[in-house]
1. In square nanometres, what is the average projected area of the Cα convex hull of segment 140-210?
2. Taking 0.36 nm per residue of separation and subtracting the Cα-Cα distance, what length does fully extending A222 through N120 add?
3. Take the residue pairs K59/K189; K115/K216; K115/K189 and return only those whose Cα atoms are more than 31 Å apart.
4. Counting only other residues whose beta carbon sits under 12 Å from that of P221, what net charge do I get with K and R as +1, D and E as -1?
5. What aspartates and glutamates sit close enough to K160 to cross-link, taking a C-alpha to C-alpha distance under 20 Å and skipping anything fewer than 8 places away on the same chain?
6. How far apart, in nm, are two points set 7 Å out from the Cα along the Cα-to-Cβ line at K208 and at T86?
7. Rounded to whole Hz and in sequence order, give me ³J(HN,Hα) for segment 149-155 from the Karplus expression 6.51 cos²θ - 1.76 cosθ + 1.60, θ = phi - 60°, writing x for Gly and Pro.
8. Post the alpha-carbon centroid distance, segment 109-130 to segment 131-181, in whole angstrom.
Amino acid sequence: MKNLLVYLFLVGAFTAWSCTSADVNRFIQGASQATLTNEDVGDGLRDALVKGISEGADKASLENGFFGNELIRIALPEELTKLEATLRQFGLGAEVDRVLLTINRGAESAAKEAKPIFINAIRQLTIQDAFAILRGEQDAATQFLRRTTSAQLTELFQPKVQESLNQVGATRHYTDLVNAYNAIPTTRKINPDLNAYVTEMAIDGLFKLIAEEEQKIRANPAERTTAIMRRVFSAVD
């Protein structure tokens, strides 16, 4: 196929000197796109999704994958964040720091469970999905995964997050912190249940990392690590 394209290029060059380089590029790109089958597009997008989710999930599940990454580091719930300075004034600074570390450790542990759900969603990718992603926005693949996996991730993560939070002591530390805060006169009481909050933030963090990986694949040909991935994405570059 490469030889055919070179031949066509040479014929065009000698028979139509008035063609601009942009015209030739469009012709070559058109010929390349024409050789892509529906199966090629599906395989290329599946490769890209597997690469993106694998690298994103691996980063999140490392120690400090959440805690050491400002993009996805889980902060205190909004009610406590607004009053963190007050909590520290009341001598609760060590508890605040301990909670921040342990809830992020819980998210890192739970993130290890995400890959199988993502892989299953990728296997369900239709040709229509693949073309929509290929021609879509810079985060179209990430949005596809959000739509197709969020409910299942939440169902899986909640018990895993709870288990992880218990293992690192986050539940106890958070409950102690909230109970101490609730004991302060005139403050609005806060529900000490931590699971739903960390589950939501952990899943959101995963998708942020996956979106980063998707943008790299779209923008940088060096990130396209399989031949079919390179062919598919170069067709729309």
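Quick note: the coordinates plus some simple rules give every number you see, no bench work behind them. Given the structure is predicted, the values throughout are model-derived calculations rather than measurements. Glycine gets a Cβ as well: all are built from the backbone with ideal geometry, and neighbour counts include every protein chain shown.
1. Numbers: hull surface 23.1 nm².
For the Cα atoms of segment 140-210, the hull's average projected area reads 5.8 nm².
2. Numbers: separation 102, 0.36 × 102 = 36.72 nm, distance 2.63 nm.
Fully extending the segment from A222 to N120 adds 34.1 nm.
3. Details: K59/K189 36 Å; K115/K216 20 Å; K115/K189 37 Å.
Long pairs (Cα-Cα over 31 Å): K59/K189; K115/K189.
4. Details: positive: K216, R218, R224, R230, R231; negative: E223, D237.
Neighbourhood net charge equals +3.
5. Filter leaves D58, E63, E108, E113, D193, E200, D204.
6. Taking the simple label geometry, K208 and T86 are separated by 2.6 nm.
7. 10, 4, 5, 5, 4, 4, 4
8. That distance is 15 Å.
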